[in-house]
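To start, the structure under review is shown below, and the notes come after it.
Just so it is clear, none of the values below were taken in a lab; they were calculated from the coordinates. All figures in this text were calculated on a predicted structure; none of them were measured in a lab. In this analysis, Cβ positions are derived from the backbone assuming ideal geometry, glycine residues included, and neighbour counts consider all displayed protein chains.
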Amino acid sequence: MEIRKIVNPWTGLDGYNCIGCSPDNPFGLHLCFYEEGDDVVCHWQPSENYQGWLNTLHGGIQVLILDEVCGWVVTRKLQTAGVTSKMETRYRRPVSTDAGEITARAHLRELRRNIAIIDAQLLDDKGVVCTEATCTYFAFPKEKAEKEMFFRDCLVEGE
């Protein structure tokens, strides 16, 4: 299956400082996203700076990553911007901060008018599911996304 890097449509926008995906936020995670079939995928290397308990990734950081990957499903797959209206998370096992790269993966389960239901997983460096989430997103009409969220098309490299 072809994996293509998603081009961040907000890069270079004055004031864009998302803690999850802005490449310029000095305290951010600098997440990058890829399209793999119906999924949006993100790979990230945790560090001790983001731990809760010893050598364990803080649950709030896990939720941040899962919320971000779900948001990028809206951005890429629905070609608009949106906001989280609800998120249900299940922590299945700890995520280590001193092992390898982790992966977040999400896909659109259902779309009812402007409400998107998105399923996501956070996997450890061995591919074991550690955390699962279901996000309910309110997807903006494209005109509102353009005017208020400064959204422009979300492409992948080579498009």
Completion exercise
residue 5 neighbourhood, Cβ < 10 Å, K/R = +1, D/E = -1, net charge -1
Problem - Burial ranking of peptide ranges 31-39, 57-65 (average Cβ count within 10 Å, highest at the top) - result: 57-65, 31-39
Completion exercise
Computed ³J(HN,Hα) along segment 150-157: with the Karplus parameters 6.51/-1.76/1.60, θ = phi - 60°, integer Hz and x for glycine or proline, the list is 6, 6, 10, 3, 9, 10, 9, 3
Practice task
Kindly list the residues of segment 72-108 that lie in the label zone of residue 16, defined by a backbone N under 12 Å from the point 7 Å along the Cα-to-C-beta vector.
Solution key: none
Problem - Note, ³J(HN,Hα) from phi for segment 33-42, Karplus 6.51, -1.76, 1.60, rounded to Hz, x at Gly and Pro - result: 10, 10, 9, 9, x, 7, 9, 10, 10, 9
Exercise for the section: Taking amide H positions as placed in the peptide plane 1.01 Å from N, state which residues far from residue 82 in sequence (5 or more) or on other chains have amide H under 5 Å from it. Expected result: 140
Fill in the blank from the handout: With x for Gly and Pro, the residue-by-residue ³J(HN,Hα) of segment 8-18, computed from phi through the Karplus equation 6.51 cos²θ - 1.76 cosθ + 1.60 at θ = phi - 60° and given in whole Hz, is 5, x, 9, 4, x, 6, 4, x, 6, 9, 3
Practice task
Specify the longest stretch of the chain that does not include any exposed loop site, a site being one of the trypsin sites (Lys or Arg not before Pro) with a non-H, G, I, E, B DSSP assignment and at most 14 other Cβ atoms within 10 Å.
Solution key: 1-91
Problem - Computed lengthening from residue 111 to residue 88, 0.36 nm per intervening residue step minus Cα-Cα distance - result: 6.6 nm
Fill in the blank from the handout: Surrounding charge for residue 115, neighbours by C-beta under 12 angstrom, Lys/Arg +1, Asp/Glu -1, total +3
Practice task
Give me the net charge of residue 20's neighbourhood, meaning all other residues with Cβ under 12 Å from the Cβ of residue 20; Lys, Arg count +1, Asp, Glu -1.
Solution key: -2
Problem - Quarter of Cα convex hull surface for segment 1-154, i.e. mean projection, nm² - result: 9.0
Practice task
Cross-chain or 8 or more residues apart, Cα under 20 Å: how many lysine pairs in segment 36-149 fit that? Count them up, please.
Solution key: 4
Practice task
Note the angle between two axes, namely the Cα long axis of helix 59-77 and the longest principal axis of the Cα atoms of the chain, as a number of degrees from 0 to 90, rounded to the nearest 10.
Solution key: 30
Exercise for the section: With a point put 7 Å past each Cα toward its Cβ, work out how far residue 3 is from residue 142 in nm, to one decimal. Expected result: 3.0
